[in-house]
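**Student:** Below is one structure. I have some questions about it.
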Amino acid sequence: GEMGKPLIAVFDALNEAIMRMVNIIMLYSPVGIMFLIMGKMASVGDFADLISSLGLYFVTVLLGLAIHGLIILPAIFFFFCRRNPYRYATGVTQALATAFGTSSSSATLPVTMRCLEDNVRIDERVTRFVLPIGATINMDGTALYEAVATIFIAQYTCASLNFGHMIAVSVTATAASIGAAGIPSAGLFTMVIVLSAVGLSPEYAFLIFPVDWLLDRFRTSVNVLGDSFGAGIVEHLSRHDLTKTVAVAGDVIPNGSSRLDASPELDRNVLTTSFSDNQQHTSSTESNLSASAPGRGAGEFSPLVRKTT
């Protein structure tokens, strides 16, 4: 009402002020980040050595992501589903391209759902349960990246890491990746937790910032690929529960609920039920015709044969 309009005007003014502050920060943030990186590079004695080290770090992360995405994940999918994982992955190429372009698992989520449901024919009940969870906590590419980045920073700063530190890096990187948001370069900020766990200064995270924007695209694609394989594995393991739901619904398969492995038992049950219903309908039809035309045998009336003169 009229009494609430001043309060609404106050909140509108606060919202406008905050939005302008955020726009100013976003406008000056590239300049601030540039000076942070330049200051860190200026403190480096041998600039050429830093560039070569970053190049080796870049290749190492790409090699690790390639092994994980092209060998480990397909092997896990084949072990559970006994299907060709690479043919399965061709159905989500649009989702992988979107993940590479946006660097965000959350932004790619609708495309991933559409690819799995339309191209791979995954049950929509599975995709709508597995994929949102996977886009939030399944950050295997980010975990790999953070572990490699921490070891790289430790080696570059000549910090020694023993076996206990390696275990701490693995556990902390996994936990930090689960808590990372599905937004671009989120792993760069959660890596501060990993660096602090092994006694490294968080300011060294800016050493890898020049190549992080490109590595972020590759690791997001690996995250989306892992979500897609996970949805296929969940559907394969729960295929019997899905068919039970179909049977309870009256042996009618819902629209769009195709499964990786069709159930031969369900198909035979549906066909047997339909054939029995047809036989009962034929018998009742012959009985009705016989009752309406006395003097003729039931065999003279067949619903499948029509005599013509």
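**Student:** Pairs, please: C-beta under 8 Å, at least 6 apart or cross-chain, first residue in a helix (DSSP H, G or I) and in the stretch 71-91, second open to solvent by 90 Å² or more (accessible area, probe 1.4 Å)?
**Tutor:** Short answer, once both residue conditions are applied: Pro74/Tyr86; Phe80/Leu237; Pro85/Phe78; Gly91/Asn119.
**Student:** Report yes if Val10 is outside any helix (DSSP H, G or I) and either at pLDDT 90 or above or surrounded by 10 or more Cβ atoms within 10 Å (Cβ to Cβ) (or both), otherwise no.
**Tutor:** On the way: outside any helix (DSSP H, G or I): no; either at pLDDT 90 or above or surrounded by 10 or more Cβ atoms within 10 Å (Cβ to Cβ) (or both): yes.
For Val10, the condition - outside any helix (DSSP H, G or I) and either at pLDDT 90 or above or surrounded by 10 or more Cβ atoms within 10 Å (Cβ to Cβ) (or both) - is not met.
**Student:** Please go through the stretch 116-154 and give me each residue that is assigned to a helix (DSSP H, G or I) and of a type in the set (D, E, K, R), ordered by number.
**Tutor:** In the first step, residues of the stretch 116-154 are kept if they are assigned to a helix (DSSP H, G or I); the result is 116-119, 124-137, 140-154.
Passing the criteria: Glu117, Asp118, Glu124, Arg125, Arg128, Asp140, Glu146.
**Student:** Does Ala149 count as surrounded by 14 or more Cβ atoms within 10 Å (Cβ to Cβ), modelled with pLDDT of 85 or more and within 26 Å of Leu109 (Cα to Cα)?
**Tutor:** It is false that Ala149 is surrounded by 14 or more Cβ atoms within 10 Å (Cβ to Cβ), modelled with pLDDT of 85 or more and within 26 Å of Leu109 (Cα to Cα).
**Student:** For the stretch 65-84, which residues satisfy the criterion of being open to solvent by 10 Å² or more (accessible area, probe 1.4 Å) and more than 23 Å from Thr136 (Cβ to Cβ)?
**Tutor:** Passing the criteria: Ala66, Ile67, Leu70, Ile71, Ala75, Phe78, Phe79, Arg82, Arg83, Asn84.
**Student:** Looking at the stretch 159-166, is at least one residue free of Cβ contacts under 8 Å to residues at least 12 places away in the same chain and either in contact with a Gly (Cβ under 7 Å, 6 or more places away or on another chain) or part of a loop (DSSP other than H, G, I, E, B) (or both)?
**Tutor:** Yes, the stretch 159-166 contains a residue that is free of Cβ contacts under 8 Å to residues at least 12 places away in the same chain and either in contact with a Gly (Cβ under 7 Å, 6 or more places away or on another chain) or part of a loop (DSSP other than H, G, I, E, B) (or both).
**Student:** So Glu203 passes all but one of these: (1) open to solvent by less than 50 Å² (accessible area, probe 1.4 Å); (2) more than 24 Å from the chain's Cα centre (by Cα). Which condition number does it fail?
**Tutor:** Only one criterion is unmet by Glu203, namely (1).
**Student:** Something else: Do you know which of the residues in the stretch 112-142 that are among the aliphatic types (A, V, I, L, M) and open to solvent by less than 20 Å² (accessible area, probe 1.4 Å) is nearest to Asn223 (Cα to Cα)? It would help to see each step written out before you state the result.
**Tutor:** Residues of the stretch 112-142 among the aliphatic types (A, V, I, L, M): 113, 116, 120, 122, 126, 130-131, 133, 135, 137, 139.
Now narrow it down to the ones that are open to solvent by less than 20 Å² (accessible area, probe 1.4 Å): 116, 122, 126, 131, 135, 139.
Details: Leu116: 15, Ile122: 18, Val126: 18, Leu131: 11, Ala135: 8, Met139: 5 Å.
Within the stretch 112-142, the match that is nearest to Asn223 (Cα to Cα) is Met139.
**Student:** Regarding Arg20, is this residue over 30 Å from Met139 (Cα atoms) and either surrounded by 13 or more Cβ atoms within 10 Å (Cβ to Cβ) or basic (Lys, Arg) (or both)?
**Tutor:** On the way: over 30 Å from Met139 (Cα atoms): yes; either surrounded by 13 or more Cβ atoms within 10 Å (Cβ to Cβ) or basic (Lys, Arg) (or both): yes.
Spelling it out, Arg20 is indeed over 30 Å from Met139 (Cα atoms) and either surrounded by 13 or more Cβ atoms within 10 Å (Cβ to Cβ) or basic (Lys, Arg) (or both).
**Student:** If you don't mind, another one. Which of the residues belonging to the stretch 37-52 are part of a helix (DSSP H, G or I) and open to solvent by 20 Å² or more (accessible area, probe 1.4 Å)?
**Tutor:** Within the stretch 37-52, the subset part of a helix (DSSP H, G or I) is 37-42, 47-52.
The answer is Ile37, Met38, Gly39, Lys40, Met41, Ala42, Phe47, Ala48, Asp49, Ile51, Ser52.
**Student:** While we're on this one: Of these, Thr174, Thr136, which one is over 23 Å from Leu207 (Cβ atoms) and of a type in the set (S, T, N, Q)?
**Tutor:** Only one candidate qualifies: Thr136.
**Student:** Among the residues of the stretch 167-200 satisfying the criterion of being in a loop (DSSP other than H, G, I, E, B) and free of Cβ contacts under 8 Å to residues at least 60 places away in the same chain, which is most open to solvent (accessible area, probe 1.4 Å)? Walk me through it before giving the result.
**Tutor:** The first filter runs over the stretch 167-200 and keeps only residues in a loop (DSSP other than H, G, I, E, B), leaving 180-185, 198-200.
Narrowing further to those that are free of Cβ contacts under 8 Å to residues at least 60 places away in the same chain: 180, 198-200.
Working: Ala180: 6, Val198: 18, Gly199: 67, Leu200: 21 Å².
Residue satisfying both the conditions and the ranking: Gly199.
**Student:** Look through Ile18, Ile67 and report the one residue that is of a type in the set (Val, Ile, Thr), within 29 Å of Val148 (Cα to Cα) and part of a helix (DSSP H, G or I). Reasoning before the result, please.
**Tutor:** Numbers: Ile18 fails: within 29 Å of Val148 (Cα to Cα).
Only one candidate qualifies: Ile67.
The values are calculated or read from the model by the stated rules, or taken from the named source; none is laboratory data. Because the structure is predicted, anything quoted here is derived from the model rather than measured. Ideal geometry is used to build each Cβ from the backbone, glycine not excepted, and the neighbour counts take in all protein chains shown. These accessible areas exclude ligands, DNA and RNA; they are computed on the full protein's heavy atoms, side chains included. Shrake-Rupley method; radii C 1.70, N 1.55, O 1.52, S 1.80 Å.
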